[in-house]
Amino acid sequence: MKNAALSELFEQMADIMEIIGEDRFRINSYRRIARIISDMPTDIEILLATDRLAKVPGIGKSSLAKIEEFFKTGSITAHQELLARIPPHLLELLTIPGMGPKGVKAVYERLNVTSVAELKSAIQTGRLAELPGFGEKKAAAIARGIEFLEKSTGRIRLDQALEAAHMVTECLWDIPRIERIQPAGSLRRRAETIGDVDILVSARKAKARAKGAPEQIIQSFTTAPFIREVLAAGQTKGSAVVETLTCPVQVDVRVVSPDSFGAAAQYFTGSKEHNVRLREIAIKAKLKLNEYGLFKGDKKVAGPVEEEIYQKLGLDYIDPLLREDRGEVEAAKEHALPELIDLADIKGDFHAHTLASDGSCEPSELAEAARALDYKYICIADHSRSSAIANGLSPKRLAAQIKQIRKLNDKLKGITVLAGSEVDILADGSLDFDDKLLADLDFVIASIHSGLASPREKVTTRTLKAMDNPYVNCIAHPSGRLLGQREAMDIDMPAVIQHAAQTHTALEVNANPYRLDLKDTHCKIAIEANVKLAIGTDAHSAQGLGLMPFGVATAARGWATKADVLNTLTGRQLKAWVKAKRTK
Ligand code: DGT
Ligand code: CA
Ligand code: CA
Ligand code: ZN
């Protein structure tokens with residue numbers, strides 16, 4: 001699937017046009033095309049081949065021609081021509097934190113810098129600092145940005161970002177006069193990976209140099225014991241690398257005045273694409289929107305409270321989880337936003353492992369932990385025999401475990417343990433256990449653990465065939481990806497979703513932050529196809545059940561309501577739901 005590569009091409013054309021100073025409207029339209037393509041769940045080549053691409057909203061004649069050219073020849077002439085207008089290594093400058101197209105344009109035009117190496121030397125000789133719009137501080141920040149880039153491994157997982165955010169907020173709360181601390185950016189939106197952590201702070205008025213004055217807040221942050229490196233420390237903004245247990249994380253802290261706090265929260269939560277849409281609406285209404293507030297002429301009409309920004313723009317309040325310009329702005333206009341699934345709606349967990357396979361708890365311990373979370377049920381889903389490394393259960397061991405769970409339920413009050421299995425989908429699409437054994441289970445999840453690199457046709461067919469089994473209630477981690485470690489299988493997700501709808505099979509939203517699988521955009525398509533989502537933590541310990549919020553957030557980012565999520569059913573409703581497929 002070439003969607004990502006093609007999207008990257010359009011993005012790059014926009015970057016180059018910005019650097020050489022082309023028309024703003026054309027630049028924005030190229031960025032929009034890039035976004036449409038990267039958000040597309042279907043293989044764009046297939047859409048093109050079946051004459052459906054022209055019907056995708058936002059794809060105009062000229063972009064269609066470029067896409068056609070790309071698939072015919074492997075490149076786009078307009079892109080080649082743009083590339084020819086800049087030095088070969090110039091675009092590498094864009095990967096430096098703190099350098100956008102504007103900055104690249106400035107150093108290229110004024111200092112004739114054409115590569116990262118030349119930028120480094122411009123910093124060392126002081127030429128960058130002398131450039132208008134840069135200065136000593138910014139030049140030093142870019143130097144550290146280069147250093148950070150040379151060391152860093154790219155984007156981090158949500159759990160890593162949360163850990164860093166937690167360390168910083170704990171430290172900030174210790175400062176006198178602090179009133180509010182608001183994580184923003186991709187972390188607040190619960191995006192699947194995080195570039196850097198953004199935190200907003202406000203404090204009651206303090207005299208200069210007193211504790212709680214903006215500079216002092218930034219200083220407390222940049223001198224905290226867990227800071228490995230300071231990238232920038234200004235009057236109201238500090239940027240530093242936090243050393244967490246697992247990795248270094250860049251954190252930006254901004255001190256904001258209380259009467260702009262809502263506007264700042266809105267602006268710095270993003271996404272950039274969402275903000276662009278809001279600003280368009282503001283301009284149409286003859287208003288001005290920025291991180292300080294919403295203005296009519298010189299008069300501030302909203303600022304302290306985030307909700308009021310949306311309200312004054314004529315929009316329903318949009319949950320941060322939806323702020324990706326994926327239709328939420330239109331829906332907010334039409335009062336058609338979904339009432340999102342919430343952690344409090346969750347009545348159980350579908351995916352937990354015990355000591356019998358590769359977990360670390362007894363079923364009874366998981367049951368206690370689930371009851372403490374106010375759940376009504378928890379499904380034990382240990383591996384099956386083909387997952388030998390994970391000590392998968394033989395049919396005999398599974399039969400014994402079912403008995404053990406039934407006995408346990410006789411003793412338990414207020415919580416039901418469901419006897420389940422995470423049964424392996426074998427190479428030919430058949431399952432690791434026969435139907436007779438599966439029929440004894442309360443809930444069955446099936447998943448692929450081998451041959452993930454097989455061709456698209458193969459992994460797709462395997463998955464579709466597993467769904468045909470009347471006892472398979474859910475496909476676990478349908479794409480098989482491990483964020484930062486392993487690519488998703490080349491699986492035809494629209495086909496999987498369609499077949500799930502036809503076979504009354506749920507799709508898992510695996511809540512483990514390494515997985516988040518289904519991912520948000522696929523959740524949205526599944527919901528539109530009337531497929532139920534089953535959120536599972538894939539817990540290997542009692543503590544692991546605590547990963548549920550990541551799964552709920554991912555489903556919500558896919559616009560899931562309570563009705564779309566299987567975990568909101570009561571035990572009785574769930575039983576009926578399972579039975580419906582078996583008696584079909
Ligand atoms: P990340 O850090 O890559 O995971 O993603 P974000 O969304 O946290 O992005 P970041 O840290 O660069 O900026 C935080 C937010 O600030 C972003 O979501 C929207 C806002 N923002 C930053 N730069 C711009 C900009 O140039 N234009 C607009 N409209 N908003 C921006
Ligand atoms: Ca960020
Ligand atoms: Ca940032
Ligand atoms: Zn599992």
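The values are calculated or read from the model by the stated rules, or taken from the named source; none is laboratory data. Quick caveat, the model's predicted, so the values are computed rather than measured. Heads up, the Cβs are rebuilt from the backbone with ideal geometry, glycines too, and the neighbour counts pull from every protein chain shown. The area values use the complete protein model at the heavy-atom level, side chains included, leaving out ligands, DNA and RNA. Shrake-Rupley method; radii C 1.70, N 1.55, O 1.52, S 1.80 Å.
A few remarks follow.
- Bridgeable lysines around LYS211 (alpha carbons under 23 Å apart, same-chain partners fewer than 8 residues away excluded): LYS237.
- The value of relative contact order for region 42-198, using C-alpha pairs under 8 Å at least six residues apart, is 14 percent.
- Shown here for region 29-110: trypsin sites (Lys or Arg not before Pro) in loop regions (DSSP other than H, G, I, E, B) with at most 16 other Cβ atoms within 10 Å, namely ARG52, ARG85.
- Rounded to whole Hz, the Karplus (6.51, -1.76, 1.60) HN-Hα couplings of region 286-292, x for glycine and proline: 6, 10, 10, 10, 8, 6, 9
- Surface per residue (accessible, 1.4 Å probe) for region 257-337, Å²: 49
- Counting only alpha carbon atoms, the long axis of helix 101-111 and the longest principal axis of the chain meet at about 40°.
- Percent carbon-and-sulfur accessible area, the chain, ignoring ligands, DNA and RNA, probe 1.4 Å: 52
- 1.4 Å probe accessible area per residue over region 154-256, in Å²: 45
- Within region 440-486: Cβ-based charge dipole about Cα centre, in debye rounded to nearest 20 (Lys, Arg +1; Asp, Glu -1): 380
- Reachable lysines, given that their alpha-carbon falls under 23 Å from the alpha-carbon of LYS519 and they are not under 8 places away in the same chain: LYS2, LYS272, LYS347, LYS458, LYS465, LYS532, LYS562
- Average Cα contact separation per residue, the chain, under 8 Å, 6 or more apart, as relative contact order %: 9
- Shape analysis of region 343-582 places it in the rounded category; the axes a ≥ b ≥ c from the Cα gyration tensor give an a/c below 1.5.
- Cα shape, the chain, gyration tensor, a/c 1.5 rule: prolate
- The heavy atoms of TYR317 offer some 80 square angstrom of accessible surface to a 1.4 angstrom probe.
- Prolate/oblate/rounded call for region 3-152, Cα gyration tensor, a/c under 1.5 rounded: prolate
- Under 19 Å of direct C-alpha separation, and excluding same-chain neighbours fewer than eight residues apart, LYS288 reaches these aspartates and glutamates: ASP259, GLU273, GLU280, ASP298, GLU306, GLU307, GLU308, ASP316.
- Helix-derived mean residue ellipticity, 222 nm - over the chain, DSSP H n ≥ 4, -39500 (n - 2.57), to 500: -13000 deg cm²/dmol
- Between helix 61-73 and the chain: long-axis angle, C-alpha atoms, 0 to 90°, nearest 10: 70
- Among PRO57, ALA390, TYR310 - extreme Cα towards positive end, dipole of the chain, charges at beta-carbon: TYR310
- Sum of side-chain charges, SER38 neighbourhood, beta-carbon under 9 Å (Lys, Arg +1; Asp, Glu -1): -2
- Ranking of LYS465, LYS396, LYS299 by solvent-accessible surface, largest first: LYS396, LYS299, LYS465 (1.4 Å probe, protein heavy atoms only, all chains present).
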